[in-house]
Amino acid sequence: MGFENFKNSHNLLKEWKYNWTPLEKGYTDKILYINISDNEIKEKDVPAEMKEKFIGGKGYGLRLLWDATKPETKWNDPENEINIASGPIGGITQYSGAGKSLVVSISPQTESIIDSNVGGFFGPFLKFSGFDALELQGKSEKEIIIYIDGVNHKVEIFEAPEEPLDSHKLADQLTEIFANDDKDKKNIGVVSAGSAADNSLIGMLNFSFYDPKRKLVRLKQAGRGGIGTVFRDKKIKAIVAKVPGIKGNLNNVVDLKAIMERGKTFNKEMRDLDDSQAEMRTKGTAHLVNIMNDYDLLPTHNYKFGSHPKADEIHGDVWKKRFTQGIPDGCWIGCNMACSKGVDNYKVRSGPYKDESVIVDGPEYENAGGLGSNCGIFNPDYIIEANFYCDTYGICTISWGTLLAFIMECYENGILNEERTGGLKLNFGNADSAMELMHRLARGEDFGVIAGMGTRKMKKMFAEKGWGNADFLQDIAMENKGLEYSEYVSKESLAQQGGFAMTNKGPQHDEAWLIFMDMVNNQIPTFEDKAEALHYFPMFRTWFGLQGLCKLPWNDVEPTTNAETDEPAKVPEHVDNYVEIYKAVTGKPFDKEEMIRQSERVYNFQRIFNLRKGFGTRKHDAQPYRAAGPVTVEEYESRAERYDTQMKEKIGVDPKGKTTEEKVAITRKFREEQYEKLLDAVYLRRGWTKNGVPKISHLKELGMDLPELVELIKPHQED
C-alpha cells in the first residue's frame with residue numbers, strides 16, 4: 001500500500017500546513033504542539049528564556065511539561081504530555097553519536113517525571129522538518145497515526161484502525177507506505193509502542209531507523225518509565241516523520257570545518273583503538289558481560305550475586321559470533337561507533353511470530369545482564385528471543401529483566417506459587433515460563449498483567465495479600481522511585497549506590513556510572529571525593545541529554561594519552577571536543593565550566609519538578625538494602641571472606657564467634673550509616689538542604705531563581 005492508497009483508505013481527521021523554518025545555529029526556535037483530544041495543531045515560538053536556560057532536549061521537554069500540567073496531574077490525564085526534543089548539536093553528521101533525542105512525560109511507574117534517551121531517526125527528522133520539539137497532549141477517542149511531512153510542510157492526523165500494533169510490523173509497514181521508493185526509506189522515522197504497552201505500566205517507545213546495508217527497518221528504544229504506556233493510553237498507534245534527505249550542513253552551524261576536524265580525529269581513534277579497548281564495533285555494549293562478571297558486578301539471581309560459573313555462555317565473544325559483522329551499525333548517519341549490533345535472520349521459536357525470520361536489535365549489555373544472568377538464564381537464544389519480543393511488544397527490557405528476577409526470588413521463597421502465577425513455574429533459570437509470562441502480558445492475561453505493574457506495585461500487592469514479609473520484599477525489590485534498577489551490582493561501590501538511588505528519575509546508569517572509579521581503582525576514597533564525583537558526572541552526563549548526543553563516544557574509546565591526564569575518568573580530550581563542537585554549532589562563548597552550569601540549571605529544575613509532584617526529598621533517595629549489601633545468610637556466606645575482612649578492617653568488629661545472622665545485621669547497620677553520610681555529603685556539594693531540596697541561594701548562583709521555583713521551595717529551606 002503506497003501513501004495515496006493509505007490516504008484513500010484512512011479517514012483524515014486533521015490537516016495543518018505550516019511555513020518551514022530552516023535551522024539556524026542548531027535551532028529553529030519553533031515547537032510543534034498537537035492536542036489529540038480535539039486535533040488542535042499549532043506552531044509555538046520558543047521563548048528566549050527557555051532557550052537560554054533549558055538549552056534543548058530534556059530541558060525543553062521538562063519546561064514544556066511543567067507549563068502544561070498541574071501538581072496533581074496523573075500520567076493518564078489528558079493534560080499529561082509526551083515531549084520529544086533533540087538539541088542544538090543533534091542531527092549533525094560530522095561527529096559520532098549526534099542522533100539522540102529525549103522523551104519526557106509523567107511516568108506511570110514513578111508517578112513523577114521521567115526522561116528517556118533514544119537513538120533512531122525521528123528526533124533529527126523532527127528538527128529538519130522545522131521544529132526543535134514536539135509537544136503532544138490530549139487523548140484521542142480513536143486509534144490514530146500522526147504524520148509530520150517535512151517535505152510538503154504539513155502535519156496530518158489519520159484514523160488508523162487496521163494497522164498492526166507491534167513495532168517490528170508497524171514500523172516496517174509505515175516505512176513502506178510513506179516512502180516513495182526503496183531509496184526514500186532512509187528518509188522515514190517512525191515512533192511506535194506495541195501490544196504490551198496496552199496492558200502494562202512498563203511500556204516503552206521504539207524509534208525506527210532504516211539500515212541501507214541490510215535494507216531493513218530497525219528499532220531503538222526510549223525504554224524507561226512507561227512512556228510507551230502513556231503513548232498507547234492516548235490511542236496513538238504511531239508518529240511518522242519524513243524529510244527530503246540528509247546532507248551537508250542542515251543545522252546551519254557557524255563553523256562546520258571545526259566539527260569535521262574533531263570528527264576526523266575521533267573516527268581515527270575508533271579505527272585504531274576500538275579493537276583493543278571496548279570492541280564496540282564488533283560486540284556493542286555486550287562486551288561488558290565478561291568484564292562485569294570478572295569484577296563481581298554482573299547481576300545474578302536478582303542481584304544476590306555478581307558473577308556466575310555459566311556467565312561464559314553469554315560472554316561477549318558469544319554475542320560477537322551471533323552479531324552480523326562488517327556492517328556499519330550506526331543508529332544515526334555519520335556515527336562511527338557502529339555499536340547498534342543486530343542478530344540477522346533469527347527464527348522466532350515462540351509466541352505470535354513463531355517461525356518468522358526477524359532481525360533482533362541487540363542484545364545490548366543491559367539485556368544480557370537483565371534478561372539473562374539476573375534471572376539465572378544463560379541461554380543466548382532465550383535472551384535474543386526475549387529481547388526481540390520486549391522490543392516489538394513495547395516492553396522496557398531493563399524493567400522486565402529486573403522485575404522478572406524479583407518475581408523469581410519471590411517464587412523461590414514461597415511468596416509466589418503456581419496457583420498465584422497462573423500455573424507458571426517461575427524459578428530462577430526457567431526460560432520457558434519466563435517467555436510465556438511475557439506473552440501473557442502482551443495478551444493482557446492473568447499474572448502477566450500483575451508483572452506489568454512493575455516492581456514497586458507488585459511489592460505492595462504481595463505484602464497486602466499476606467504472601468510475604470513486607471520488610472523482606474522491601475529489601476529485595478530492586479526499585480527506587482518506582483523505577484527498576486539497571487543491571488549493575490552496586491553493593492561494593494558506595495558511590496554507585498548514590499549514582500543509582502539519587503537520580504532524579506530513578507536508578508538508571510545514564511546519570512552516573514562510578515563503580516570502577518570507586519570500587520576498582522579507589523580514585524574517590526573519601527565522602528568528599530564521592531560527593532564531587534556525584535556532582536560532576538551526573539551534571540556532565542545530563543549535558544548530553546540537552547544537546548542531542550549519545551554518551552558512548554565520550555569514554556567507550558579513549559585517546560592513547562588519556563591515562564597521562566590529570567583527570568582520566570573525565571576523558572579531558574573528548575570533553576574538549578564537545579566544548580569546541582558546541583561553540584562551532586552555536587557560535588556562543590562556551591567552556592567546560594559553563595557545560596556543567598547548563599546541566600545544573602536543568603538538573604535542579606527537574607529535582608524541583610519532582611518536589612512539585614510530591615517527591616524530591618531525602619526519603620525518596622532511599623535504596624533497597626539489596627543494592628547496598630547482603631540481605632540473606634546465603635548472600636553473606638557466598639562472599640564470607642570478603643565481608644568478614646571488611647567487618648574487621650572497616651567496621652572494627654571481630655567477626656570471630658558470631659553467627660552469620662549477627663554478621664549480616666552488623667554489616668547492614670554500617671552500610672546504611674555510610675549511605676546516609678553519603679547523602680549528606682552529596683546534598684552539600686550540590687547546594688541542597690539536608691532534606692535534598694535545592695537551596696534558593698544555589699538557584700541564584702545558577703541564574704535559575706525563577707519565581708515559580710523559589711515559591712515552591714521556600715517552605716523547604718533550612719534555618
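Details
- Residue within the stretch 572-579 that is of a type in the set (A, V, I, L, M), surrounded by fewer than 20 Cβ atoms within 10 Å (Cβ to Cβ) and modelled with pLDDT of 95 or more present: yes
- Positions within the stretch 289-348 being assigned to a helix (DSSP H, G or I), β-branched (Val, Ile, Thr) and surrounded by fewer than 22 Cβ atoms within 10 Å (Cβ to Cβ), in sequence order: Ile291, Val318
- Breaking point among (1) closer than 24 Å to Phe462 by Cβ; (2) among the charged types (D, E, K, R); (3) not in a helix (DSSP H, G or I), for Arg440: (3)
- In the stretch 478-492 there is no residue matching the filter, namely being touching a residue at least 12 places away in the same chain (Cβ under 8 Å) and in a helix (DSSP H, G or I).
- Ala434 in contact (Cβ under 8 Å) with a residue 40 or more places away in the chain, touching a Lys or Arg at 6+ places or on another chain (Cβ under 9 Å) and buried (at least 21 other Cβ atoms within 10 Å of the Cβ): no
- Subset of the stretch 291-318 (residues that are within 16 Å of Gly401 (Cβ to Cβ) and among the aromatic types (Phe, Trp, Tyr)): Tyr303, Phe305
- Scanning the stretch 599-645 for residues that are among the charged types (D, E, K, R), out of contact with any Pro (no Cβ under 8 Å at 6 or more places or on another chain) and over 16 Å from Lys58 (Cβ atoms) returns Arg618, Lys619, Asp621, Arg626, Glu634, Glu635, Glu637, Glu641, Arg642.
- Filter result (under 26 Å from Phe527 (Cα atoms), of a type in the set (Gly, Ala, Ser) and assigned to a loop (DSSP other than H, G, I, E, B)) within the stretch 679-711: Gly687, Gly692
Every residue, every condition in (1) surrounded by 20 or more Cβ atoms within 10 Å (Cβ to Cβ); (2) without any contact (Cβ under 8 Å) to a residue 40 or more places away in the chain, yes or no:
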residue: Phe158; (1), (2): yes, no
residue: Pro161; (1), (2): no, yes
residue: Lys183; (1), (2): no, yes
residue: Val190; (1), (2): yes, no
residue: Ser208; (1), (2): yes, no
residue: Leu216; (1), (2): no, no
residue: Gly223; (1), (2): yes, no
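- Condition met for Lys74 (of a type outside the set (Asp, Glu), on the phi < 0 side of the Ramachandran plot and modelled with pLDDT under 95): no
- Helices (runs of 4 or more DSSP H) wholly inside the stretch 537-626 that include at least 1 residues being closer than 30 Å to Asn480 by Cα: 552-555, 592-612
- Subset tally (residues that are over 24 Å from Val151 (Cα atoms) and either buried (at least 24 other Cβ atoms within 10 Å of the Cβ) or out of contact with any Gly (no Cβ under 8 Å at 6 or more places or on another chain) (or both)) for the stretch 233-252: 2
- Meets criteria (among the small types (Gly, Ala, Ser), in contact with a strand residue (DSSP E or B) (Cβ under 8 Å, 6 or more places away or on another chain) and part of a helix (DSSP H, G or I)) for Gly189: no
- Residue within the stretch 249-258 that is within 27 Å of the chain's Cα centre (by Cα) and within 25 Å of Phe122 (Cα to Cα) present: yes
- The residue list Lys283, Lys310 contains one member that is basic (Lys, Arg), touching a residue at least 60 places away in the same chain (Cβ under 8 Å), under 21 Å from Gly362 (Cα atoms) and assigned by TED's automatic domain parsing to the domain that holds Ala442, which is Lys310.
- Checking each residue in the stretch 699-708 for being surrounded by fewer than 17 Cβ atoms within 10 Å (Cβ to Cβ) and in contact with a strand residue (DSSP E or B) (Cβ under 9 Å, 6 or more places away or on another chain) picks out no residue at all.
- Matching option when the condition is over 25 Å from Phe500 (Cα atoms), at pLDDT 95 or above and of a type in the set (Gly, Ala, Ser), among Ala627, Ala584, Ala622, Ala563: Ala584
- Condition check for Asp432: within 30 Å of Glu641 (Cβ to Cβ), in a helix (DSSP H, G or I) and not aromatic (Phe, Trp, Tyr): no
- Of the residues making up the stretch 393-423, those that are assigned to a loop (DSSP other than H, G, I, E, B), crowded, with 18+ Cβ neighbours inside 10 Å and touching a residue at least 40 places away in the same chain (Cβ under 8 Å) are Gly394, Cys396, Ile415, Leu416, Arg420.
- Among the residues of the stretch 67-82, not a single one is within 29 Å of Ala584 (Cα to Cα) and assigned by TED's automatic domain parsing to the domain that holds Val191.
- Note on the stretch 367-384: residues that are out of contact with any strand residue (DSSP E or B) (no Cβ under 8 Å at 6 or more places or on another chain) and surrounded by 24 or more Cβ atoms within 10 Å (Cβ to Cβ) amount to 9.
- Residue match in the stretch 28-42 (condition: in contact (Cβ under 8 Å) with a residue 12 or more places away in the chain and within 22 Å of His620 (Cβ to Cβ)): no
- Annotation note: of Gly423, Gly376, the sole residue that is out of contact with any Gly (no Cβ under 8 Å at 6 or more places or on another chain), on the phi > 0 side of the Ramachandran plot and not hydrophobic (A, V, I, L, M, F, W, C) is Gly423.
- Checked against the criterion of being closer than 21 Å to Tyr578 by Cα, in the same structural domain as Trp20 (by TED's automatic domain parsing) and at pLDDT 95 or above, the stretch 129-152 has at least one qualifying residue.
The values are calculated or read from the model by the stated rules, or taken from the named source; none is laboratory data. Just so we're clear, the structure is a prediction, and the values are computed from it rather than from any experiment. Neighbour counts run over all protein chains shown; Cβ positions are idealised from the backbone, glycine included.
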